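These notes concern the structure reproduced below.
The values are calculated or read from the model by the stated rules, or taken from the named source; none is laboratory data. Note that this is a predicted model, so its numbers are computed, not measured. As a convention, Cβ positions derive from the backbone with ideal geometry for all residues, glycine included, and neighbour counts pool all protein chains shown.
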Amino acid sequence: MSADKVAPPPPSPTPPPPSRPRPRPVEFSKGVNGLDKVVLRESRGSSAEVYLYGGQVTSWKNDHGELLFVSSKSIFKPPKAIRGGIPICFPQFSNHGSLEQHGFARNRVWSIDNDPAPLPTNSTSKACVDLIFKPSDDDLKIWPHSFEFRLRVALGPGGDLMLTSRIRNTDAKPFTFTFAYHTYFSVSDISEVRVEGLETLDYLDNLQNKERFTEQGDAITFESEVCSKFHLFLFSLL
């Protein structure tokens, strides 16, 4: 007699590895010295950090790594401005006026704008935050103009960082201001850097006693020292 052979049961399928939880696009946390900050994360891995103090972006990372520079000497302690990232210069850029250099917006605590006005944008990114800054009574003593400064910081699907500023005059009279994103980029080789799109614009050169020049080239490169070579824009709000 021959016994029937019974085949062993097939091996159980290997369970798939547990999926990693998707990062939340917006997180609120504490940063250096307990300062409030917002962390933005895009699904492909890009991120940005925004401190409410100064409404200041201090980190922007994508596939190329960290793109912003923050000085190791920055103490992250009011009223000292954060040295690095993207300081907001408002209502005065540099020393072109009667205020402290670069104005006071970078030395104030901004608030989360819970009811932001819609922006004309095609971006569908959820990794964004809206901030708002209004002058205090002390601010009005040194610059007597009422305003609302709204700032949106957003990460695009490809890791692009987008800053959108809107300044509204809430005063009964017009005022004039200067403004800048004073960006500190992290650069590994300055000889590889080109700045394009500034041809025909006027600028003041601090290395030549702030003499005014008009940019002639289609790109600015850096082969020697360049000190505060900036372009001026003057705005008026009615």
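Quick rundown of the values:
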{"quantity": "Segment 75-108 - residue that is within 17 Å of the chain's Cα centre (by Cα) and charged (D, E, K, R) and, of those, surrounded by the most Cβ atoms within 10 Å (Cβ to Cβ)", "calculated": "108"}
{"quantity": "Flag for residue 111 being under 18 Å from the mean Cα position of the chain (by Cα) and touching a residue at least 60 places away in the same chain (Cβ under 8 Å)", "calculated": "no"}
{"quantity": "Subset of segment 49-74 [assigned to a loop (DSSP other than H, G, I, E, B) and touching a residue at least 12 places away in the same chain (Cβ under 8 Å)]", "calculated": "52, 54, 55, 63, 67, 69, 71"}
{"quantity": "Identity of the residue in segment 142-166, surrounded by fewer than 17 Cβ atoms within 10 Å (Cβ to Cβ), within 20 Å of the chain's Cα centre (by Cα) and of a type in the set (A, V, I, L, M), that ends up farthest from residue 103 (Cα to Cα)", "calculated": "162"}
{"quantity": "Residue match in segment 114-125 (condition: surrounded by fewer than 17 Cβ atoms within 10 Å (Cβ to Cβ), under 22 Å from residue 31 (Cα atoms), in contact with a strand residue (DSSP E or B) (Cβ under 9 Å, 6 or more places away or on another chain) and of a type outside the set (Ser, Thr, Tyr))", "calculated": "yes"}
{"quantity": "Test: residue in segment 72-83 that is in contact with a Cys (Cβ under 8 Å, 6 or more places away or on another chain) and at pLDDT 95 or above", "calculated": "no"}
